[in-house]
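This report concerns only the one structure given below.
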């Protein structure tokens, strides 16, 4: 994302200008400006080459930054060193800046790489805004526990994190600064403080200043400055605290002179600039200071200016959200899990309550992320404190809950306010735990933990940032692992280095595209343009797209409307008829599970499992032939010809009734019911049907011919083995354990509202009604909506979960549905030599000369399926990608085939590969 082009010419210009400085200008180089209401004076000093450095904090005026940024480009002006105080200083003039993890979030992680990456990201932002130095609270040497300074209490961890952070800043040419606790004498500092100070000096920190103190001038004693320069060989500048704050001009001048004589190099001022310059000139005349002293200090400042403008930095492509995502995930710390309820064992079979406390009008990012995994009742409390009446109300509402999750957002940063953990919160947790299980998630300073001593299941992430709260929610949901430890000692219950290790149970999580190596701008641009173009050309009225990589959903978006009338927009919760994806989302899954448990053998003949077929022409077909579409079957069978006369448009009353009555309970539509024996009738018709006479390659293998009919036989086989209808088996053994909420057959009977489901086709051939929440496939509809080849409904998110389980070789949510060997068995292409690209159940990328259904960029290992309604689901194990596209392109008529003709699904899949970042470049 950057940019900084500097040159030796600028540095030479600094030397040239410095050689002609007046005494006033030299003294001005020692002024370290603090922005406030005296901005006009600061501008004047800058114009007159009388300002050394300028520090911006969270209260700065963005226009002042712009002014000095432009001033520094002028050839006849000595540049002013521009710095920021923490990330809030960057945010002051860049409202879109993404805060990066710092302090305890970095201290909680064992690896130092995250500190380096965060600070390199901060340096990138600094360089983008032409900032020369960064003053970091987190590098400060301060032993107080109740503040946000430092990376924690472990000396070794602090030293290594400091080193990584300074290295990250320096790599992009940003100079580092920090504060040192103000004490009277060098002997008053602890061994730990001195040791950390030594480490920072070794790391080439450039600015050191004292912390603010009450009633005294923030000036180091000579023993401190001497120790820094002589004992530690420190070559950076020693800066005072703000000498103007709370003082008049005379006191400020006196303190400035004392600071220079005691070894400081720069004077921090927020006012009385000219008075200080004049006062120092008087001190030189009196001999209190010498011009040689001033020259020595000015040379240090000029060195930093030249160094800042000599740095040549290559353009960076920092993705701040990706850094935040990864680091906040790694820093989530499980302090207690006494009830073994983290992560959640079930996402859809328990009654949950989420309570968020201390939001103060902000977005509840924690509960928003939790909602992607579970349904829950919700209560929001804006302030950290609340009444006893509210406590009682919450206790009553949570009485019958299986689990309550309490999210505490600690915007309060002082012990006076208990760091955001109020007495009411403490009491609520204590009393709730007497009634049910409770998880407490704290976001903010760890000092608040001292008030959570009774919490049995406690998690902390050390920031209130969006990504931190989302990471905690994902940990609870089981999508990420926990390895972080508490970087400070809080109490006997919350000790330094405390933290439970927890392994992810393989649930699909969320992250930014850059987190997994995808270019977000490229990905969004390409997918948006293709999807919107499809809608504009009326290839489909709307669609959903989900893209997951490396176990993270990185793209989830809905486009368009339910219909071309544009009355109801598609959302991520919209549920589609996935049509023939049912073959792999239901039948193939069941086959793989049964195969894994040695309950079925794909090489066995049909008659082995279904003895009633022994005397039919289907008896000796092997199950593998059905799965690979190499059985001698026709493409389809006209079942409706037995029950409906297309010429008279009348139903045979033997099989069909216009209303539900005794013996007619199989619902086709709300106004059409089939006989209870319809499945057996259809089975008989199918068994009696002739087989195909097309080309045969071997005794068993016929020429590839895509057919739904094989899946009727597979469905019957599965139901015989499991002694359950396939929809019930899949619901109880796969869809529910996976944690899906929409995936399954018969959505209307599962309580899903029809308003959530777009219509497919207006069936004028058989059912004489609009298909909405009813399976589009007419034959599956005649069976009551449950077929081995069609009938499953889902949103893109839940279908992605199922495909992720397959990508993970049958493992998901702590369950092993099948193993790698089983997946490999079904993902192979046994008849490739016969120009058949199919796996067992799975569709595959095209062979040479074959059109296929995948992007040319998808690797040969890819497996998945498409659906007639305008859907697809693809898994790429080489790149750990899951891609889902759902639509209702058949509305209002299936004759609209623009989606296939224009390769919409394939082109969106191709966009994923085009967005991959090539790290070798």
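Every read-out reported here was derived from the displayed coordinates using simple, explicitly stated rules and does not represent laboratory data. Quick caveat, the model's predicted, so the values are computed rather than measured. Heads up, the Cβs are rebuilt from the backbone with ideal geometry, glycines too, and the neighbour counts pull from every protein chain shown.
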### Query
Extension gain residue 524-residue 348, at 0.36 nm per residue separation less the Cα-Cα distance, in nm?
60.3 nm
### Query
Among rounded, prolate and oblate, which fits region 322-505 when a ≥ b ≥ c are the square roots of the eigenvalues of its C-alpha gyration tensor, a/c under 1.5 means rounded, and a/b larger than b/c means prolate?
rounded
### Query
Quick one: which of 152-164, 70-82 comes out on top by average Cβ neighbours within 10 Å, and what's the full order, highest first?
152-164, 70-82
## Note on the structure
For region 330-402 the mean separation of alpha carbon contacts under 8 Å (6+ apart) over residue count, i.e. relative contact order in percent, is 37 percent
#### Entry: Value of relative contact order over the chain, rounded to a whole percent, pairs C-alpha under 8 Å and six or more apart
10 percent
### Query
Between residue 378 and residue 231, what length comes free when the chain is fully extended (0.36 nm per residue of separation minus the Cα-Cα distance, one decimal in nm)?
47.0 nm
### Task
Mind pulling the angle between the C-alpha long axis of helix 466-477 and the longest principal axis of the chain? Nearest 10 degrees, somewhere in 0 to 90.
40 degrees
### Query
Is any residue of region 541-563 close enough, with backbone N under 13 Å, to a label point placed 7 angstrom from the Cα of residue 861 along the Cα-Cβ axis, and if so, which?
550
### Query
According to a simple spin-label model (label point 7 Å from Cα along Cα-to-Cβ), what is the distance in nm between residue 395 and residue 281?
7.4 nm
### Query
Could you give the angle, 0 to 90 degrees to the nearest 10, between helix 520-536's Cα long axis and the longest principal axis of the Cα atoms of the chain?
40 degrees
### Query
Helix 273-286 sits at what angle to the longest principal axis of the chain, using alpha carbons and giving 0 to 90 degrees rounded to 10?
40 degrees
### Task
Highest first, please rank the peptides 386-392, 443-449, 113-119 by the mean number of other Cβ atoms sitting within 10 Å of their residues.
443-449, 113-119, 386-392
### Task
Return the whole-Å distance between the Cα centroid of region 463-511 and the Cα centroid of region 237-283.
47 Å
#### Entry: Average Cα contact separation per residue, region 322-505, under 8 Å, 6 or more apart, as relative contact order %
31 percent
### Task
Assign one of three labels to region 785-921, namely rounded, prolate or oblate, based on the Cα gyration tensor with a ≥ b ≥ c the square roots of its eigenvalues; rounded applies when a/c is under 1.5, prolate when it is not and a/b is larger than b/c, and oblate otherwise.
rounded
### Query
With r defined as the distance between the Cβ atoms of residue 251 and residue 94 and R0 fixed at 30 Å, what FRET efficiency is calculated, to the nearest 0.05?
0.25
### Message
At a 10 angstrom cut-off on C-beta neighbours, averaged per residue, how do the peptides 846-852, 871-877 rank from highest to lowest?
### Response
871-877, 846-852
### Summary
Pseudo-spin-label distance residue 901 to residue 665, built 7 Å along Cα→Cβ, given in nm, is 4.7 nm
### Query
Which distance in nm do the two modelled labels at residue 44 and residue 202 give, with both placed 7 Å along the Cα-to-Cβ direction?
4.8 nm
#### Entry: Prolate/oblate/rounded label for the chain (Cα gyration tensor, a/c 1.5)
prolate
